[in-house]
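See structure below.
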Amino acid sequence: NEGGYYVSLSRGNRGDQALSNLEKLMDNVRDLVLQDGADIDYLTEWLNNRIDYIEEEGEADIDISLGGAVQIMTVHQSKGLEFPVVFVPDLAANFNLGERETIYAEALPHELNVGSETMTVRETAEIGLDAPNPENDWESEPVLIKRIIKKRLRDKLIAEKKRLFYVACTRAMDHLILVGHANVQSDRFLRRITYMPLDLLNNWMEWLTKLTGLCFKIDGTRGMVHYVNHLGEEMLIPYCKFEDDKDLLSSDSLPRTEFPIDQ
């Protein structure tokens, strides 16, 4: 600042990029000093090694959406982006599948024509609603076409929820934090996770619990769960059980994920 170096860097079309690159270098230096106690000799050797032997360092990000700030966005808005750390909150929020709608309307296929080179599908607009059932004391029930449309609509929405969950989880470059709650002490919850098909579960938290089986491996109020996926990759996932009337988070109770097994 005293020598005016920042001012000289900021000139021209690449001024913002040059300043960002310098700040990136300074951040690396600060980390070395704080973590390793580096002195000027250590820093000189560190820089020379990167100049002579290590692949060229990429330029610093100057787009706010790529770093330097916390971004809050929907999963749809995050498509195509990546971030060092990603939080996916509220995993236990139930899906809105529109199952309480009174009337369903959709174009249903009713004819398939297959030619030598083409295939065409003809559709008919259908409306599904409730009607009195004379065989059940005239109670109002969904007619067959409504049940068909409802099933098709649910399948589409569940498929979309799967795609969104995949997109949300794959935005993370280094750390992925999935935030949600589940009553793992409830027999009803455990039976639901065990026997209910994935597509009939209500939220991402139930999907995650069923796919990983973590709730069946928890023993005690806190500890580590040894998790192995279908590729044989391993990690230790920390957990804590909290009572409703106790403080959930404190400086001495925050768990940390560890990867001690060749990860």
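The values are calculated or read from the model by the stated rules, or taken from the named source; none is laboratory data. Because the structure is predicted, anything quoted here is derived from the model rather than measured. In this analysis, Cβ positions are derived from the backbone assuming ideal geometry, glycine residues included, and neighbour counts consider all displayed protein chains. To get the accessible areas, we keep the full protein, side chains included, count just its heavy atoms, and leave off ligands, DNA and RNA. Shrake-Rupley method; radii C 1.70, N 1.55, O 1.52, S 1.80 Å.
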Checklist line | All strands (runs of 3 or more DSSP E) inside segment 114-154 with 2 or more residues being under 36 Å from the mean Cα position of the chain (by Cα) | finding: 119-128
Next item on the list: Kindly list the number of the only condition in (1) open to solvent by 80 Å² or more (accessible area, probe 1.4 Å); (2) at pLDDT 85 or above; (3) assigned to a loop (DSSP other than H, G, I, E, B) that fails for Phe87.
Entry: (3)
Next item on the list: Report yes if Ile103 is modelled with pLDDT of 85 or more and open to solvent by 50 Å² or more (accessible area, probe 1.4 Å), otherwise no.
Entry: no
Item checked: Residues being in contact with a His (Cβ under 7 Å, 6 or more places away or on another chain) and either within 28 Å of Pro89 (Cα to Cα) or open to solvent by less than 60 Å² (accessible area, probe 1.4 Å) (or both) - total across segment 119-147 -> 1
Item checked: From the options Val184, Val225, residue that is over 30 Å from Gln71 (Cα atoms), open to solvent by less than 40 Å² (accessible area, probe 1.4 Å) and in a loop (DSSP other than H, G, I, E, B) -> Val184
Item checked: In segment 107-118, the residues that are of a type in the set (Gly, Ala, Ser), open to solvent by less than 100 Å² (accessible area, probe 1.4 Å) and modelled with pLDDT of 75 or more -> Gly115
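Yes/no per residue for (1) open to solvent by 100 Å² or more (accessible area, probe 1.4 Å); (2) closer than 28 Å to Arg171 by Cα; (3) modelled with pLDDT of 80 or more:
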| residue | (1), (2), (3) |
| --- | --- |
| Gly15 | no, no, yes |
| Leu22 | no, yes, yes |
| Asn28 | no, yes, yes |
| Leu47 | no, no, yes |
| Glu56 | yes, yes, no |
| Ala69 | no, yes, no |
Notebook entry, point to check: Mind checking whether some residue in segment 192-202 is within 20 Å of the chain's Cα centre (by Cα), under 28 Å from Ile72 (Cα atoms) and free of Cβ contacts under 8 Å to residues at least 12 places away in the same chain?
Noted result: yes
Notebook entry, point to check: Taking segment 188-222 on its own, how many of its residues are among the β-branched types (Val, Ile, Thr), open to solvent by 60 Å² or more (accessible area, probe 1.4 Å) and assigned to a helix (DSSP H, G or I)?
Noted result: 1
Margin query: All but one of (1) surrounded by fewer than 12 Cβ atoms within 10 Å (Cβ to Cβ); (2) farther than 30 Å from Val85 by Cβ; (3) not β-branched (Val, Ile, Thr) hold for Lys150; state the number of the condition that does not hold.
Written below: (1)
